[in-house]
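Just below is one structure, and these are the notes that go with it.
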Amino acid sequence: MKKKRLDDFPHRGRWSQILLRMKLTFVLVFCMLVQTFAAVNAQTVTLKKQNASLEEIIWELKEQTKFVFLYSSADVATVKGIDIDMQNSQIDAILKKCLEGTDLQFVKENNAIIIRQANGKTAVPQVQSRKITGKVIDEDGNPLPGVAVLIEGTTIGVATDMDGKYDLTCPEMKDIVLKFSYIGMKPKSVVVGNKTVVDVTLESDSQEMDEVVVTGLLNRRKSGFAGTTTVISKQELAKVSTGNIFTTISTLDAGFKIEENNLDGSNPNKLPDFTIRGKGSFQNGSTAPIFILDGFEVSLERVQDLNNEDIENITILKDASATSIYGSRGANGVVVITSLVPKAGTLKASYRGSVKLEIPDLSTYDLLNAKEKLDLEYRLGAWDAEAYQDLYRELKEKVDNGLDYDWLSLPVRTGVGQNHSLNVMGGNEEWRFSANLAYDETIGVMKGSDRKNFNGSLNLSYQTKKLMVSENLAIGTNNNANSPYGTFSDYVAMNPYWTPYDDNGKLIENYDHPLTTSANSKKENPVYNKYIGNWNKTRYTNVRNSTSVRYNFTENFYLVGTLGLSRNFSQADNFVPPSHKQFAGKEVNQKGRFGRTETETNQWQGRLNLNYTNTFNEKHMLTLGGSGEIEEKKEERLSWAGTGFSND
């Protein structure tokens, strides 16, 4: 048997790199764990004092460590004139240095340090330890990991584990108050009393979020933002979800108006026309706003196909504030969309599914039936011409025998679509992630029309007090088909004494009528293209990646850098079979047509923002911002067609 060498594997280099990364990642994680363990079990202190008293030293140590000091004031008051200069030293070494030449000694018990006389004359009571346990959850009952639990007035504290539980051992003290704090939640203080188990529910602190306007370039406090805006939260989107992001926004914001298009009806592939700021008397062309997703401009079609579950909030800029930030691009308004922000907590999975019904309402069409229509035309003299007498008598006989064809019901159906969304989220105070998969299917009321979307996203974030890094990767695919039945208005215009097929079951191409002026103006059968086999389909795939890095110099002064990459590939196909009447009289090699258009768009965009915001005397606000942006967009389009099909 011939053995296959490792060199024969084409992806050896790739797997070696992956293994190397795994090894490096393990080493880094191991080092971080070792450092964390050392930090917890061996607190180091830097202390530099001259001619200091022991009591001053103790107060300094209390500030730098998590220890509680118990001692007799009379014992430590006599120890003065201490000179000490120790860098990153253990607290034991520092205390030994300070107590040299005295009759005092120290003893460590749990989180307490007792200083007493070596001969035991000091009446220091035995320290009694106390254990307090509990669990911290949010308003939805989910456990919160990484919550800081501190004894108020001390540095004694712990953090909750991945299940939201904590176990705190401390010296017995009077009137213990536990303070619970967590980013994004309102801090809470609880009087312990005689309890040994203290469970706490923290409430979301949305005040800070509500007071910030996200403009896509920089965030400003709402109180200092002069423009007209509408902010829609994720919770509001979920409450009035209509299956379409545009109709949902229109429901929540009366200023976001979708222009009704009765011609296209509920065509799922038709992009809507809408306005934010209205339309002036002299304004021509599009009134649609621009859409900014995570700081970068995206197309109207991509926004229509977004997964609503993947949206954190939407901000609509309506007036001069839009043009002041985005220039002439924002003349019709700006819609800023922020993707879902990962939240800390235990691994949490959620699923949401729904069924979507598209039901045609034909009750509003109050049309004449076949007998009424033919009788009205006859009384108005439309059939008086001798050339149409035979046709009239033929139609009248069929109508008298009960012919009354329902053209309105022919091209429509009740569309049953579906929507599924799966989200997984977790992490701690520093590292967080979220992953989302979604499938959305819309079946239009016109037979043969549909739109199917699949979206996947992965968001990773890392944040400390100074640094915040986020990485967002999103992939979306779309497949859609237009109805081969054409437009619904063509069926409304059909006479109910006509049928799409003759008595032999053969498709009728067109109809004679006395109101037509020539053979070329005969009424065409709208079912013709469907019967012959015309079809029109399009699809696209969009890949988008955005990276954001924020560094806080101070609480009010920060730098944000973003880089966005986007690639979009679309394909549109159209087929007209050779039996179509447009090829009548042509050679065989000229009959039938298949056409395809392929478009590839690559875009990258980088931006750097420097922002400063501060409030003075609780009433004067100063906001300064500087931004630089660079962008490149490249589009390639290829169209081709083939003719000469031998059959349909």
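The values are calculated or read from the model by the stated rules, or taken from the named source; none is laboratory data. The shown structure was predicted, so the numbers you read here are calculated from the model rather than taken from an experiment. All Cβ positions, glycine included, derive from the backbone under ideal geometry; neighbour counts span all protein chains shown. All accessible areas refer to the heavy atoms of the entire protein, side chains included, with ligands and DNA or RNA removed. Shrake-Rupley method; radii C 1.70, N 1.55, O 1.52, S 1.80 Å.
So if I restrict to the alpha-carbon atoms in the stretch 392-550, what is the Rg, and what is Dmax, the biggest pairwise distance, in Å?
Calculated on Cα positions, Rg and Dmax stand at 26.8, 89 Å.
Exceeding 28 Å between C-alpha atoms, which entries from my cross-link table qualify? They are Lys131/Lys465; Lys80/Lys466; Lys49/Lys466; Lys318/Lys447; Lys62/Lys131. Mind dumping the intermediate values first?
On the way: Lys131/Lys465 31 Å; Lys80/Lys466 40 Å; Lys49/Lys466 30 Å; Lys318/Lys447 38 Å; Lys62/Lys131 21 Å.
Result: Lys131/Lys465; Lys80/Lys466; Lys49/Lys466; Lys318/Lys447 exceed 28 Å.
So how strong a dipole does the stretch 482-538 carry about its Cα centre when Lys and Arg Cβ are +1 and Asp and Glu Cβ are -1, to the nearest 20 debye?
For this selection, approximately 220 debye.
Would you mind checking which residues have amide H under 5 Å from Gly448's amide H? H placed 1.01 Å from N; only 5 or more apart, or other chain.
For Gly448, whose amide H was placed from the backbone, there are no distant partners under 5 Å.
Given Cα positions, please report Rg to Rh for the stretch 552-605, the hydrodynamic radius being the Kirkwood one. Before the final figure, lay out each step's value.
Values: Rg = 25.5 Å, Rh = 16.1 Å.
Looking at the stretch 552-605, the ratio lands at 1.58.
Using a 1.4 angstrom probe, figure out how much accessible area the stretch 574-625 has per residue, in square angstrom, rounded to the nearest whole.
Per-residue value: 59 Å².
Using a 1.4 Å probe on the protein chains only, how many percent of the accessible area of the stretch 527-601 belongs to carbon and sulfur?
Of all accessible area on the stretch 527-601, carbon and sulfur atoms account for 52 percent.
Amide H of Lys270 versus every other amide H placed in the peptide plane: which residues, excluding those fewer than 5 positions away on the same chain, fall under 5 Å?
Answer set, sorted by chain and number: none.
Residue by residue through the stretch 447-459, which ³J(HN,Hα) values in whole Hz follow from phi under the Karplus form 6.51 cos²θ - 1.76 cosθ + 1.60 (θ = phi - 60°), with glycine and proline marked x?
4, x, 9, 7, 8, 10, 10, 10, 10, x, 9, 9, 10
Tell me the Kirkwood hydrodynamic radius of the stretch 494-629 in angstroms, computed as one over the mean inverse distance between distinct C-alpha pairs.
Hydrodynamic radius (Kirkwood, Cα pairs) of the stretch 494-629 is 21.9 Å.
Just how large is the dipole of the stretch 380-433 about the Cα centre, in debye to the nearest 20, putting +1 at every Lys and Arg Cβ and -1 at every Asp and Glu Cβ?
320 debye
Only sites in a loop by DSSP and with at most 14 other Cβ atoms within 10 Å count here; which chymotrypsin sites (Phe, Trp or Tyr not before Pro) in the stretch 336-382 make the cut? Let's see the in-between values first.
Details: sites: Tyr351, Tyr365, Tyr378; in loops: Tyr365.
Passing sites in the stretch 336-382 are Tyr365.
How far, in nm, would the chain grow between Lys80 and Asp103 when pulled straight, counting 0.36 nm per residue and subtracting the alpha carbon separation?
Taking Lys80 through Asp103 to full extension adds about 6.9 nm, to one decimal.
Could you derive backbone 3J(HN,Hα) for the stretch 386-402 from the dihedral phi with the Karplus parameters 6.51, -1.76 and 1.60 (θ = phi - 60°), listing whole Hz in sequence and x where the residue is Gly or Pro?
Values per residue, Gly and Pro as x: 4, 5, 10, 5, 5, 5, 5, 4, 5, 5, 5, 5, 5, 5, 5, 8, x Hz.
In whole percent, and with a 1.4 Å probe on the protein chains, what portion of the accessible area of the stretch 290-405 is carbon and sulfur?
51 percent
Over the stretch 474-524, what lengths in whole Å, largest first, do the semi-axes of the equivalent ellipsoid take, defined as the square roots of 5 times the eigenvalues of the alpha-carbon gyration tensor?
Values: eigenvalues 227, 43, 21 Å².
Square roots of five times the eigenvalues give 34, 15, 10 Å.
Enumerate by residue number the trypsin sites (Lys or Arg not before Pro) in the stretch 506-556 meeting two conditions: DSSP loop (anything except H, G, I, E, B), and at most 14 other Cβ atoms within 10 Å of the site's Cβ.
Those that pass, being in a loop and sparsely packed, are Lys506, Lys522.
Please work out whether the stretch 589-647 counts as rounded, prolate or oblate from its C-alpha gyration tensor, where a ≥ b ≥ c are the square roots of the eigenvalues and a/c under 1.5 means rounded, while otherwise a/b larger than b/c means prolate and anything else oblate?
Details: a/c = 11.34, a/b = 4.64, b/c = 2.44.
Prolate shape, in that a/c is at least 1.5 and a/b is the bigger ratio.
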